[in-house]
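Chemist: A single structure is presented below for examination.
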Amino acid sequence: MNPEQIIEDIEAAIKHRTITNTNRWYIIFYHNRICCVPTNASIPPEIILGQFTEAQAKNGFTTTDWNGIKEYAVHFFKELYK
């Protein structure tokens, strides 16, 4: 897994997230995969890669949003392969 693959997996997780009435989501790494869960779920902070709002997902992420997500991906990659 490389940073580009992590970003692709994040994009896929956002696109295929479960339909709920939540307004905010965590992007997490759990059981060797990246997925999205509502922020009202009890999640250990060490597996959270980032977060986003439903409005961001529906309206499209800004460049600043994606740059932040990419930073999480690169940091996660470095931590994963220390």
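Just so you know, all these numbers are worked out from the coordinates, no wet-lab data involved. Quick caveat, the model's predicted, so the values are computed rather than measured. Glycine also receives a Cβ, built like all others from the backbone with ideal geometry; neighbour counts cover every protein chain displayed.
Chemist: Order of Val37, Val74 from fewest to most other C-beta atoms within 10 Å? It would help to have the intermediate numbers written out before the result.
Modeler: Numbers: Val37 20, Val74 13.
Fewest to most other Cβ atoms nearby, the residues stand as Val74, Val37.
Chemist: Among the lysines, which fall within straight-line cross-link reach of Lys78, defined as a Cα-Cα distance under 18 Å, with same-chain neighbours fewer than 8 residues apart omitted?
Modeler: Qualifying lysines at Cα under 18 Å: Lys70.
Chemist: With +1 on each Lys and Arg Cβ and -1 on each Asp and Glu Cβ, how big is the dipole of region 5-82 about its Cα centre, in debye rounded to the nearest 20? If you can, show how the numbers build up before the last one.
Modeler: Values: 8 positive and 8 negative charges, 19 e Å.
Approximately 100 debye in magnitude.
Chemist: Under a point spin-label approximation (7 Å from Cα along Cα-to-Cβ), what is the Glu4-Glu46 distance to one decimal in nm?
Modeler: 3.1 nm
Chemist: May I pose another question? Quickly estimate the mean residue ellipticity at 222 nm for the chain, helices only: each DSSP H run with n ≥ 4 gives -39500 (n - 2.57), and the total goes over all residues, rounded to 500.
Modeler: That calculation yields -14000 deg cm²/dmol at 222 nm.
Chemist: In addition: From the P(r) of the chain, could you give the percentage of C-alpha pairs in the tail past 16 Å? Numbers along the way, then the final one.
Modeler: On the way: 1561 of 3321 pairs.
When every Cα pair of the chain is considered, 47 percent fall beyond 16 Å.
Chemist: Here's something else I'd like to know. With a cut-off of 8 Å between alpha carbons and a minimum separation of six or more residues, what is the relative contact order of region 3-80 in percent?
Modeler: On the way: 85 pairs, mean separation 25.0, N = 78.
Relative contact order for region 3-80 comes out at 32 percent.
Chemist: In addition: Counting other Cβ atoms within 10 Å, which chymotrypsin sites (Phe, Trp or Tyr not before Pro) in region 12-82 have at most 10 and lie in a DSSP loop?
Modeler: Tyr81
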